[in-house]
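The values are calculated or read from the model by the stated rules, or taken from the named source; none is laboratory data. Keep in mind that what you see is a predicted model, and the values were worked out from it rather than measured. Reconstructed Cβ throughout: ideal geometry from the backbone, glycine too, with neighbour counts over all protein chains shown. The area values use the complete protein model at the heavy-atom level, side chains included, leaving out ligands, DNA and RNA. Shrake-Rupley method; radii C 1.70, N 1.55, O 1.52, S 1.80 Å.
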Amino acid sequence: MPPPAEPHDGAVGAHSAHSARSARSIQTAQTAQTAEPARHPAPEDLARAHELRRLVAHHANLYHRLDAPEIPDGDYDALVSELRSLEERFPELALDGSPSMAVGAAPSPLFSEVRHDPPMMSLDNVFSAEDLAAWMERLARIAPEAAHADLVCEPKIDGVAMSITYENGRLVRAATRGNGVVGEDVTANVATIRALPESLELPGASGKRIARMEVRGEVYMAVEDFEELNRRQEAAGEKVFANPRNSAAGSLRQKDPAVTATRPLSFWAYQLVGIEGLEMPAGHRAALDLMSECGLPVNPLTRVVKGLDAVVATCREWQGARHSLGYEIDGVVVKVDDLSLREKLGSTSHAPRWAVAFKFPPEERSTRLVDIQVSIGRTGRATPFAVLEPVVVGGSTVSMATLHNEDQVLRKDVRPGDLVVVRKAGDVIPEVVSSVLSERPEGSRPWKFPAKCPSCGGPLVRLPGESDTNCPNLDCPDQRVARVVHFASRPAMDIEGMGEKRAAQLVEEGLLADPGDIYALAQGTLAALEGMGDLSAANLIAAIESSKSRPLDRLLVALGIRHLGPVGARALARAFGSLDAIASAASAGAAGEEELASLDGIGPVIAASISAFFGSPANLAVVDKLRRAGVSFSSAGNATLPPGASGTAGGAVPAEMPAQTLAGRTVVVTGSLGGYTREQAEDAIALRGGRTTSSISSKTWAVVAGTAPGAAKLGKAERLGVAIVDGSHFGELLETGLLPGRAGQAGQAG
Ligand code: IVH
């Protein structure tokens with residue numbers, strides 16, 4: 001985390017008047033604004049600068065020396081950024097030794113000291129295309145040839161910087177960055193890293209010997225290895241690590257190298273500092289190649305580009321792919337390739353001018369937890385969620401986050417009033433990760449799950465052995481609303497205009513008790529509702545009308561039969577052809593249930609649930625309303641169409657089969673893909689002649705990695721050399737049948 005930062009585009013610091021003072025000191029860091037230049041700082045500027053220096057030093061120490069950060073990296077970056085902007089406005093505040101300029105932290109007395117020559121510098125951060133443009137303009141002002149120079153883009157690995165020296169081919173020294181000038185000698189620990197060659201292989205048959213070579217790079221832990229380590233730690237009752245970076249740092253700082261040896265650390269070399277016995281290459285890319293030829297691991301994503309547009313495109317591309325790499329990256333480092341040009345460009349006191357770190361928007365930020373509330377779903381499940389002071393995280397403003405269930409709240413011990421860390425990675429729903437305990441207000445108490453349903457006031461029930469708490473009242477208004485919203489949702493009956501707000505209004509007005517009532521709504525009644533009007537009413541009625549001809553599998557999904565998802569629904573629709581045939585099998589006792597259970601994708605649990613559904617008079621009444629309204633109950637000729645298959649939102653029969661771009665290909669989908677449910681994605685592949693499987697083998701052609709992909713799957717794909725396609729390229733893959741990375745890399749030298 002720590003290099004000094006500037007604020008993210010659009011970052012806002014949202015606080016309400018009741019925020020605790022200590023929280024404000026962190027929160028306001030999000031609004032580093034440039035004010036009018038003033039000659040002397042006001043007393044509050046002095047006080048704030050003092051406070052910021054204290055906070056930055058405190059959090060840098062927690063991060064660098066104790067490997068136990070309390071606040072997310074994004075918060076830290078914002079604090080540094082606020083301090084730097086104050087120091088820029090009032091240069092007299094930029095005291096010697098300000099933590100805004102510090103690189104890392106002083107070395108720990110646990111290890112002996114190693115002097116770095118040249119010092120291990122930090123990098124300046126940028127956060128937007130404009131920042132990158134300004135950086136390139138600065139370079140061109142110093143050396144005009146920089147405008148056309150080759151730039152090397154490398155993933156910015158979220159690990160621990162390390163200097164490693166080989167003498168006569170043998171690893172003799174490894175040292176952490178420390179404060180940049182003096183680091184810690186961790187040779188014995190680093191020597192246990194399997195990815196590092198014990199002795200360097202010499203390139204070619206030149207007969208030359210490398211007498212000495214210093215490389216710098218990042219020690220990191222792959223996500224899968226980190227998860228596995230935490231499982232082991234937990235089973236052994238040992239400390240679990242918050243993230244792969246902390247576990248890498250903690251593993252390196254062991255006094256006993258035997259412990260480090262059990263930790264799955266990896267390394268990527270990103271800088272050749274010096275070499276004796278072989279000529280130093282003239283460019284960075286060539287130096288990376290040389291290190292790689294010597295047997296040192298060099299990140300394969302490295303890419304040489306020219307010009308701002310290509311740099312920005314690379315940053316965006318890797319930002320989209322960051323969760324499918326199998327290791328954590330927090331940005332892209334852009335470096336001038338030509339080493340003599342680097343010399344001309346020089347360095348500031350703490351960072352080279354010839355390189356810059358483009359930081360991705362932080363996926364974790366802290367904010368105040370205003371309240372914990374409970375929402376009631378269509379099956380009555382009561383889910384606790386956090387009401388937050390709005391915070392920009394993962395590229396959007398978040399004011400609510402899930403807390404999953406009672407046990408999760410208790411395990412995390414998050415309490416109203418706490419400063420909490422909120423995480424939003426990609427399309428995944430935001431969640432509360434933890435509380436910042438040092439900021440907990442005095443007198444706070446653990447949160448208790450409410451005994452009564454917030455919607456109907458009835459008792460909430462948690463059965464022994466279950467993690468969910470439920471509202472068993474089928475007439476509960478929130479359940480009614482949720483059932484209607486589910487029925488009308490896009491993968492189900494797809495009724496545009498029947499969202500949460502509208503459904504709640506209609507339930508409240510007594511116009512809807514269940515989804516069957518949707519078809520009895522009259523245009524005139526709708527038009528008279530608050531916020532409706534003639535046009536919206538007509539549109540809603542038209543959407544309701546057209547939903548009547550949705551295919552049977554989607555009607556089955558819409559009914560909300562417990563455990564029945566789109567795959568099972570399709571199997572049922574295919575096998576039975578009509579809702580009545582399914583209902584009669586479901587009502588035919590054990591033999592019927594067996595018939596249902598024999599279908600691929602159904603099984604005994606879903607079969608029992610289908611028969612329970614059709615055994616309930618309330619459900620049969622809904623089915624009856626649908627029948628009388630003329631909703632199609634048969635699948636005759638209908639096929640579910642995934643989004644994008646013919647440019648429509650789904651539901652219609654495709655006018656023509658899409659091109660067979662994936663004919664004969666086996667594809668594995670992992671993680672969630674924006675715009676597609678898993679089943680829609682599988683359908684889209686099948687419609688183009690492809691096959692999907694759930695496990696990866698050497699026969700797999702490509703793995704499509706959406707948000708939160710399975711780390712084990714990605715690891716296996718990497719081991720087997722199977723192409724991994726980022727979920728954001730799924731549409732492209734369907735369309736062209738080409739692997740985006742390979743098709744799109746023309747003109748790239750890396
Ligand atoms: S180059 C003088 N390249 O980022 C420049 N650093 O914020 C030396 N990092 O201390 C750094 N990936 O720990 C460089 N591909 C990469 C990197 C990288 C991660 C880390 C490194 C550095 C920090 C600066």
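Being more than 16 Å from the ligand (Cβ to nearest atom), of a type outside the set (S, T, Y), crowded, with 17+ Cβ neighbours inside 10 Å and under 27 Å from L296 (Cβ atoms): is that true of A143 here?
No.
Being more than 11 Å from the ligand (Cβ to nearest atom) and open to solvent by 20 Å² or more (accessible area, probe 1.4 Å) is the filter here, so list the residues in the stretch 328-342 that pass it.
Answer for the stretch 328-342, where residues must be more than 11 Å from the ligand (Cβ to nearest atom) and open to solvent by 20 Å² or more (accessible area, probe 1.4 Å): D337, D338, L339, S340.
Among the numbered criteria (1) assigned to a helix (DSSP H, G or I); (2) under 26 Å from the mean Cα position of the chain (by Cα); (3) within 16 Å of the ligand (Cβ to nearest atom), which one does G320 miss?
Here G320 meets the rest and fails (3).
The rows are residues; the columns are (1) open to solvent by 30 Å² or more (accessible area, probe 1.4 Å); (2) modelled with pLDDT under 90.
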| position | (1), (2) |
| --- | --- |
| K344 | yes, no |
| V370 | yes, no |
| G380 | no, no |
| H404 | yes, yes |
| V432 | no, no |
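Within the group E198, E184, E224, which residue is open to solvent by less than 20 Å² (accessible area, probe 1.4 Å) and of a type in the set (D, E, K, R)?
That would be E184, the only listed residue that is open to solvent by less than 20 Å² (accessible area, probe 1.4 Å) and of a type in the set (D, E, K, R).
Cβ contacts < 6 Å: first residue within 14 Å of G394 (Cβ to Cβ), restricted to the stretch 414-437; second residue polar (S, T, N, Q) and open to solvent by 10 Å² or more (accessible area, probe 1.4 Å), any location; separation 6+ or different chain. Result?
Sorted first by the residue in the stretch 414-437, then by its partner, the pairs are V421/S434; G426/T707; D427/T707; V428/T707; I429/T402; E431/T402.
Within the stretch 458-505, which residues are open to solvent by 30 Å² or more (accessible area, probe 1.4 Å), under 30 Å from L626 (Cα atoms), assigned to a loop (DSSP other than H, G, I, E, B) and not acidic (D, E)?
P472, N473, L474, S489, R490, P491, G497, G499
Can you name the residue in the stretch 166-198 that is assigned to a strand (DSSP E or B) and away from the ligand (no atom under 16 Å from the Cβ) and, of all such residues, is nearest to the chain's Cα centre (by Cα)?
D185
Going through K699, K625 one at a time, which residue ends up being modelled with pLDDT under 85 and surrounded by fewer than 19 Cβ atoms within 10 Å (Cβ to Cβ)?
K699
Among (1) crowded, with 17+ Cβ neighbours inside 10 Å; (2) at pLDDT 85 or above, where does L720 come up short?
(1)
Return yes when Q408 is outside any strand (DSSP E or B), out of contact with any Leu (no Cβ under 6 Å at 6 or more places or on another chain), of a type in the set (S, T, N, Q) and open to solvent by 40 Å² or more (accessible area, probe 1.4 Å) and no when it is not. If you could, list the steps in order and put the result at the bottom.
Numbers: outside any strand (DSSP E or B): yes; out of contact with any Leu (no Cβ under 6 Å at 6 or more places or on another chain): yes; of a type in the set (S, T, N, Q): yes; open to solvent by 40 Å² or more (accessible area, probe 1.4 Å): yes.
The answer is yes for Q408.
Limited to the stretch 263-287, what total is found for residues that are within 15 Å of the ligand (Cβ to nearest atom) and either polar (S, T, N, Q) or closer than 30 Å to E238 by Cα (or both)?
Total meeting the criteria: 5.
Being more than 16 Å from the ligand (Cβ to nearest atom) and touching an Asp or Glu at 6+ places or on another chain (Cβ under 9 Å): is that true of E201 here?
For E201, the condition - more than 16 Å from the ligand (Cβ to nearest atom) and touching an Asp or Glu at 6+ places or on another chain (Cβ under 9 Å) - is met.
Find the helices (runs of 4 or more DSSP H) located wholly in the stretch 1-116 whose residues include 1 or more that are open to solvent by less than 80 Å² (accessible area, probe 1.4 Å), modelled with pLDDT of 70 or more and not basic (K, R), and list them.
Here the list reads 43-64, 73-89.
Going through the stretch 350-364 one residue at a time, which ones are away from the ligand (no atom under 13 Å from the Cβ) and assigned to a loop (DSSP other than H, G, I, E, B)? Spell out how you get there, then give the answer.
We begin by selecting, within the stretch 350-364, every residue away from the ligand (no atom under 13 Å from the Cβ); these are 361-364.
Correct list: P361, P362, E363.
Return yes when A573 is at pLDDT 90 or above and under 37 Å from the mean Cα position of the chain (by Cα) and no when it is not.
Yes, satisfied.
Among the numbered criteria (1) crowded, with 22+ Cβ neighbours inside 10 Å; (2) away from the ligand (no atom under 16 Å from the Cβ), which single criterion is violated by L296?
Condition not satisfied by L296: (2).
Which of the residues spanning the stretch 259-285 are in contact (Cβ under 8 Å) with a residue 24 or more places away in the chain and surrounded by fewer than 16 Cβ atoms within 10 Å (Cβ to Cβ)?
Hits for the stretch 259-285 are G274, E276, G277, M280, A282.
For the stretch 546-565, which residues satisfy the criterion of being farther than 20 Å from S611 by Cβ and within 32 Å of the chain's Cα centre (by Cα)?
The one that is farther than 20 Å from S611 by Cβ and within 32 Å of the chain's Cα centre (by Cα): R554.
What's the total number of residues in the stretch 240-290 that are more than 25 Å from N61 (Cα to Cα) and of a type in the set (V, I, T)?
Qualifying residue count for the region: 3.
Could you list, in sequence order, all residues of the stretch 439-465 that are in contact with a strand residue (DSSP E or B) (Cβ under 8 Å, 6 or more places away or on another chain) and within 21 Å of S366 (Cβ to Cβ)?
Within the stretch 439-465, E439, R440, W447 qualify.
Quick grid of which residues meet (1) in a helix (DSSP H, G or I); (2) buried (at least 21 other Cβ atoms within 10 Å of the Cβ); (3) not hydroxyl-bearing (S, T, Y):
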{"site": "I541", "(1), (2), (3)": "yes, no, yes"}
{"site": "E545", "(1), (2), (3)": "yes, no, yes"}
{"site": "S549", "(1), (2), (3)": "no, no, no"}
{"site": "L556", "(1), (2), (3)": "yes, yes, yes"}
{"site": "A573", "(1), (2), (3)": "yes, yes, yes"}
{"site": "D580", "(1), (2), (3)": "yes, no, yes"}
{"site": "A591", "(1), (2), (3)": "yes, no, yes"}
{"site": "A607", "(1), (2), (3)": "yes, yes, yes"}
